[in-house]
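One structure is given below, encoded as structure tokens.
The values are calculated or read from the model by the stated rules, or taken from the named source; none is laboratory data. A quick note: this is a predicted structure, and the numbers were derived from the prediction, not measured. With ideal geometry, Cβ positions are generated from the backbone for all residues, glycine too; neighbour counts draw on all protein chains shown. Protein only, heavy atoms only, side chains kept; ligands, DNA and RNA dropped before computing areas. Shrake-Rupley method; radii C 1.70, N 1.55, O 1.52, S 1.80 Å.
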Amino acid sequence: MHQFGIASVAEKLRAAGGGYEVVHDSVGLELGVYVLVAPEPDRQQPHEDDEVYVVLEGTGVLEVEGKDVPVKEGDAVFVEAGAEHRFTAYEHLSVLVLFERTPRAAA
């Protein structure tokens, strides 16, 4: 078992002007809190793993492969591994990020 705070991490990141912090990391799963504060842009790049964003606070738009998905508190969006995506049109946005860590073949 691993208990962790989400609200306290989101508040800390908001006070710092935004950012990302991992709150749980295990073999198959990473959970993080991602906070975006305007005017800082979302600079993330496509990820190697599938992910789910759960909006904790705020509103915005998640652009996924050229398609705009409006999001608000309580919404969740699945983004496939490798998809180009980023958040836009936010003033303040806090999301819980869940990465499914897919085991990679040994080289």
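Quick notes
- Those strands (runs of 3 or more DSSP E) of segment 1-90 in which at least 3 residues are over 19 Å from residue 101 (Cβ atoms) and open to solvent by less than 70 Å² (accessible area, probe 1.4 Å), considering only elements entirely within it, cover 29-37, 51-64, 85-88.
- Test: residue 35 is hydrophobic (A, V, I, L, M, F, W, C) and in contact with a Lys or Arg (Cβ under 8 Å, 6 or more places away or on another chain): yes
- Test: residue 59 is touching a residue at least 12 places away in the same chain (Cβ under 8 Å), under 19 Å from residue 49 (Cβ atoms) and of a type in the set (S, T, N, Q): no
- Residue 93 passes every criterion in (1) open to solvent by 20 Å² or more (accessible area, probe 1.4 Å); (2) at pLDDT 95 or above apart from (1).
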